[in-house]
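Please read the structure below before turning to the comments.
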Amino acid sequence: MKKSQKFLTVDNLSAKLKQAKSLIFADYSGLKVNQINKLRQEIKKAGGEFEVIKNTLIQLALKNSQLTIDNSQPAGPTAGLWLYSDDLTPLKTLMAFIKKNELPKIKFGLWDKTVIDSEKIIQLANLPSIEELRAKFIGSLKSPLYRLTTNLNSNVLKLLYLLKAKGGEN
(Lines give C-alpha, C1' and ligand atoms only; values in the text may rest on other atoms or scores of the structure.)
Protein backbone atom coordinates (compact mmCIF):
# COMPACT_ATOMS: atom_id res chain seq x y z
CA MET A 1 0.00 0.00 0.00
CA LYS A 2 1.40 3.38 -1.00
CA LYS A 3 1.86 6.11 1.58
CA SER A 4 -0.86 8.27 -0.02
CA GLN A 5 -3.30 5.33 0.15
CA LYS A 6 -2.45 4.87 3.82
CA PHE A 7 -3.26 8.52 4.53
CA LEU A 8 -6.60 8.15 2.73
CA THR A 9 -7.34 4.94 4.64
CA VAL A 10 -6.50 6.58 7.98
CA ASP A 11 -8.73 9.55 7.10
CA ASN A 12 -11.52 7.16 6.11
CA LEU A 13 -11.15 5.19 9.38
CA SER A 14 -11.09 8.45 11.39
CA ALA A 15 -14.32 9.58 9.73
CA LYS A 16 -15.93 6.22 10.47
CA LEU A 17 -14.82 6.44 14.12
CA LYS A 18 -16.52 9.83 14.44
CA GLN A 19 -19.69 8.55 12.78
CA ALA A 20 -19.93 5.14 14.45
CA LYS A 21 -21.63 4.45 17.77
CA SER A 22 -19.34 1.50 18.35
CA LEU A 23 -16.60 -0.61 16.85
CA ILE A 24 -16.03 -4.26 17.67
CA PHE A 25 -12.61 -5.77 16.95
CA ALA A 26 -12.38 -9.44 16.03
CA ASP A 27 -9.62 -11.87 15.07
CA TYR A 28 -10.63 -13.28 11.70
CA SER A 29 -7.79 -15.79 11.33
CA GLY A 30 -9.05 -19.17 10.20
CA LEU A 31 -11.90 -17.75 8.14
CA LYS A 32 -11.88 -18.34 4.41
CA VAL A 33 -12.38 -15.48 1.99
CA ASN A 34 -15.85 -16.67 0.99
CA GLN A 35 -16.85 -16.85 4.69
CA ILE A 36 -15.66 -13.29 5.26
CA ASN A 37 -17.55 -12.10 2.18
CA LYS A 38 -20.72 -13.89 3.34
CA LEU A 39 -20.36 -12.34 6.81
CA ARG A 40 -19.87 -8.89 5.25
CA GLN A 41 -23.07 -9.28 3.23
CA GLU A 42 -25.11 -10.48 6.23
CA ILE A 43 -23.86 -7.62 8.42
CA LYS A 44 -24.47 -5.07 5.66
CA LYS A 45 -28.09 -6.30 5.38
CA ALA A 46 -28.37 -5.87 9.16
CA GLY A 47 -27.20 -2.23 8.98
CA GLY A 48 -23.56 -2.52 9.99
CA GLU A 49 -20.22 -2.80 8.27
CA PHE A 50 -17.55 -5.48 8.62
CA GLU A 51 -14.06 -4.93 7.24
CA VAL A 52 -10.50 -6.12 7.63
CA ILE A 53 -8.39 -3.41 9.28
CA LYS A 54 -4.64 -3.00 9.47
CA ASN A 55 -3.65 -2.56 13.14
CA THR A 56 -1.20 0.29 12.50
CA LEU A 57 -3.75 2.23 10.46
CA ILE A 58 -6.52 1.86 13.05
CA GLN A 59 -4.06 3.01 15.74
CA LEU A 60 -3.35 6.15 13.68
CA ALA A 61 -7.07 6.72 13.13
CA LEU A 62 -7.70 6.33 16.88
CA LYS A 63 -5.02 8.94 17.57
CA ASN A 64 -6.60 11.29 15.01
CA SER A 65 -9.96 10.82 16.72
CA GLN A 66 -8.37 11.43 20.14
CA LEU A 67 -9.27 7.96 21.36
CA THR A 68 -6.75 5.86 23.21
CA ILE A 69 -6.65 2.13 23.67
CA ASP A 70 -3.93 -0.21 24.86
CA ASN A 71 -1.40 -0.59 22.03
CA SER A 72 -1.14 -4.33 22.60
CA GLN A 73 -4.86 -5.00 22.09
CA PRO A 74 -5.28 -4.80 18.31
CA ALA A 75 -2.67 -7.41 17.46
CA GLY A 76 -2.82 -10.13 14.86
CA PRO A 77 -5.37 -10.30 12.04
CA THR A 78 -8.04 -7.74 12.89
CA ALA A 79 -11.46 -7.08 11.46
CA GLY A 80 -13.85 -4.40 12.64
CA LEU A 81 -17.61 -4.42 13.01
CA TRP A 82 -18.91 -0.87 12.70
CA LEU A 83 -22.27 -0.09 14.34
CA TYR A 84 -23.70 3.27 13.31
CA SER A 85 -26.83 3.24 15.49
CA ASP A 86 -28.11 1.85 18.78
CA ASP A 87 -29.58 -1.10 16.89
CA LEU A 88 -27.69 -4.27 17.86
CA THR A 89 -28.81 -6.32 14.86
CA PRO A 90 -25.35 -6.27 13.18
CA LEU A 91 -23.75 -7.46 16.43
CA LYS A 92 -26.39 -10.19 16.78
CA THR A 93 -25.64 -11.21 13.19
CA LEU A 94 -21.93 -11.48 13.99
CA MET A 95 -22.62 -13.51 17.14
CA ALA A 96 -24.91 -15.88 15.19
CA PHE A 97 -22.12 -16.36 12.64
CA ILE A 98 -19.66 -17.04 15.47
CA LYS A 99 -22.01 -19.64 16.99
CA LYS A 100 -22.31 -21.39 13.65
CA ASN A 101 -18.63 -21.25 12.61
CA GLU A 102 -16.80 -20.70 15.93
CA LEU A 103 -14.94 -17.87 14.18
CA PRO A 104 -14.07 -14.96 14.25
CA LYS A 105 -13.01 -14.45 17.86
CA ILE A 106 -14.06 -11.22 19.56
CA LYS A 107 -11.08 -9.22 20.88
CA PHE A 108 -12.60 -6.09 22.42
CA GLY A 109 -14.63 -3.09 21.36
CA LEU A 110 -15.27 0.61 21.62
CA TRP A 111 -18.75 1.51 22.82
CA ASP A 112 -19.52 5.24 23.00
CA LYS A 113 -15.78 5.99 23.03
CA THR A 114 -15.17 3.56 25.92
CA VAL A 115 -13.18 0.34 25.68
CA ILE A 116 -15.21 -2.77 26.53
CA ASP A 117 -14.06 -6.37 26.76
CA SER A 118 -15.40 -9.39 24.90
CA GLU A 119 -17.63 -10.47 27.82
CA LYS A 120 -19.54 -7.18 27.73
CA ILE A 121 -19.85 -7.45 23.97
CA ILE A 122 -21.44 -10.89 24.37
CA GLN A 123 -23.81 -9.47 27.00
CA LEU A 124 -24.78 -6.68 24.61
CA ALA A 125 -25.42 -9.20 21.84
CA ASN A 126 -27.77 -11.13 24.14
CA LEU A 127 -29.91 -8.07 24.90
CA PRO A 128 -33.33 -8.01 23.24
CA SER A 129 -33.66 -5.81 20.16
CA ILE A 130 -35.27 -2.38 20.27
CA GLU A 131 -38.39 -3.77 18.56
CA GLU A 132 -38.68 -6.54 21.16
CA LEU A 133 -38.32 -4.02 23.99
CA ARG A 134 -40.94 -1.76 22.44
CA ALA A 135 -43.34 -4.68 22.05
CA LYS A 136 -42.82 -5.74 25.67
CA PHE A 137 -43.30 -2.15 26.83
CA ILE A 138 -46.51 -1.71 24.86
CA GLY A 139 -47.72 -5.09 26.11
CA SER A 140 -47.06 -4.07 29.70
CA LEU A 141 -48.90 -0.79 29.15
CA LYS A 142 -51.80 -2.55 27.47
CA SER A 143 -52.14 -5.34 30.01
CA PRO A 144 -53.59 -3.31 32.93
CA LEU A 145 -56.03 -1.54 30.58
CA TYR A 146 -57.15 -4.88 29.17
CA ARG A 147 -57.68 -6.27 32.67
CA LEU A 148 -59.58 -3.14 33.72
CA THR A 149 -61.92 -3.27 30.73
CA THR A 150 -62.45 -7.01 31.22
CA ASN A 151 -63.32 -6.50 34.89
CA LEU A 152 -65.62 -3.59 34.13
CA ASN A 153 -67.37 -5.58 31.40
CA SER A 154 -67.77 -8.60 33.65
CA ASN A 155 -69.34 -6.43 36.38
CA VAL A 156 -71.75 -4.90 33.85
CA LEU A 157 -72.60 -8.38 32.54
CA LYS A 158 -73.23 -9.61 36.10
CA LEU A 159 -75.56 -6.65 36.66
CA LEU A 160 -77.40 -7.39 33.42
CA TYR A 161 -77.78 -11.09 34.32
CA LEU A 162 -79.03 -10.09 37.78
CA LEU A 163 -81.56 -7.64 36.33
CA LYS A 164 -82.68 -10.23 33.77
CA ALA A 165 -83.13 -12.82 36.51
CA LYS A 166 -85.08 -10.38 38.65
CA GLY A 167 -87.18 -9.33 35.64
CA GLY A 168 -87.94 -12.98 34.89
CA GLU A 169 -89.29 -13.62 38.42
CA ASN A 170 -92.07 -11.01 38.14
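Answer with yes or no whether Leu83 is surrounded by 17 or more Cβ atoms within 10 Å (Cβ to Cβ) and either of a type in the set (S, T, N, Q) or within 27 Å of Arg134 (Cα to Cα) (or both).
Judged against the criteria, Leu83 is a match.
Name the residues in the range 79-128 that are within 24 Å of Gln66 (Cβ to Cβ), among the acidic types (Asp, Glu) and under 10 Å from the mean Cα position of the chain (by Cα), would you?
Answer for the range 79-128, where residues must be within 24 Å of Gln66 (Cβ to Cβ), among the acidic types (Asp, Glu) and under 10 Å from the mean Cα position of the chain (by Cα): just Asp86.
Pick out the one residue from Lys45, Lys63, Lys18, Lys2 that is at pLDDT 95 or above and either loosely packed, with under 14 Cβ neighbours inside 10 Å or closer than 17 Å to Thr114 by Cβ (or both).
Just a single option satisfies the conditions, and that option is Lys45.
Looking only at the range 74-84, which residues are assigned to a loop (DSSP other than H, G, I, E, B) and within 23 Å of Gly30 (Cβ to Cβ)?
Listed by number, the residues that qualify are Pro74, Ala75, Gly76, Pro77.
Could we say that Ile138 is part of a helix (DSSP H, G or I) and touching a strand residue (DSSP E or B) at 6+ places or on another chain (Cβ under 6 Å) here?
Answer is no for this residue.
Out of all the residues in the range 157-164, is one or more under 30 Å from Thr56 (Cβ atoms), at pLDDT 85 or above and more than 15 Å from the chain's Cα centre (by Cα)?
No, because not a single residue in the range 157-164 is under 30 Å from Thr56 (Cβ atoms), at pLDDT 85 or above and more than 15 Å from the chain's Cα centre (by Cα).
From the set of residues in the range 22-65 that are in contact with a Phe, Trp or Tyr (Cβ under 6 Å, 6 or more places away or on another chain) and not in a strand (DSSP E or B), which is farthest from Tyr84 (Cα to Cα)?
Leu39
Can you name the condition, by its number, that Phe108 falls short on among (1) closer than 20 Å to Ile122 by Cβ; (2) in a loop (DSSP other than H, G, I, E, B); (3) not polar (S, T, N, Q)?
It fails just one condition, (2).
If you go through the range 85-96 one residue at a time, do you hit one that is in a strand (DSSP E or B), of a type in the set (S, T, N, Q) and out of contact with any Leu (no Cβ under 8 Å at 6 or more places or on another chain)?
No, the range 85-96 contains no residue that is in a strand (DSSP E or B), of a type in the set (S, T, N, Q) and out of contact with any Leu (no Cβ under 8 Å at 6 or more places or on another chain).
Consider Ile69 against the criteria (1) within 23 Å of the chain's Cα centre (by Cα); (2) part of a helix (DSSP H, G or I); (3) under 17 Å from Leu110 (Cβ atoms): it satisfies all of them except one. Which criterion is unmet?
Going through the list (1) within 23 Å of the chain's Cα centre (by Cα); (2) part of a helix (DSSP H, G or I); (3) under 17 Å from Leu110 (Cβ atoms), Ile69 breaks only (2).
When both residues are 6+ apart or on different chains and their Cβ atoms are under 8 Å apart, which pairs have a first residue that lies in the range 87-115 and is under 16 Å from Phe25 (Cβ atoms), and a second that is in a loop (DSSP other than H, G, I, E, B) and among the basic types (Lys, Arg)?
Cβ pairs passing all conditions: Trp111/Lys21; Asp112/Lys21.
The values are calculated or read from the model by the stated rules, or taken from the named source; none is laboratory data. All figures in this text were calculated on a predicted structure; none of them were measured in a lab. So basically every Cβ, Gly included, is an ideal-geometry build from the backbone, and we count neighbours across all protein chains shown.
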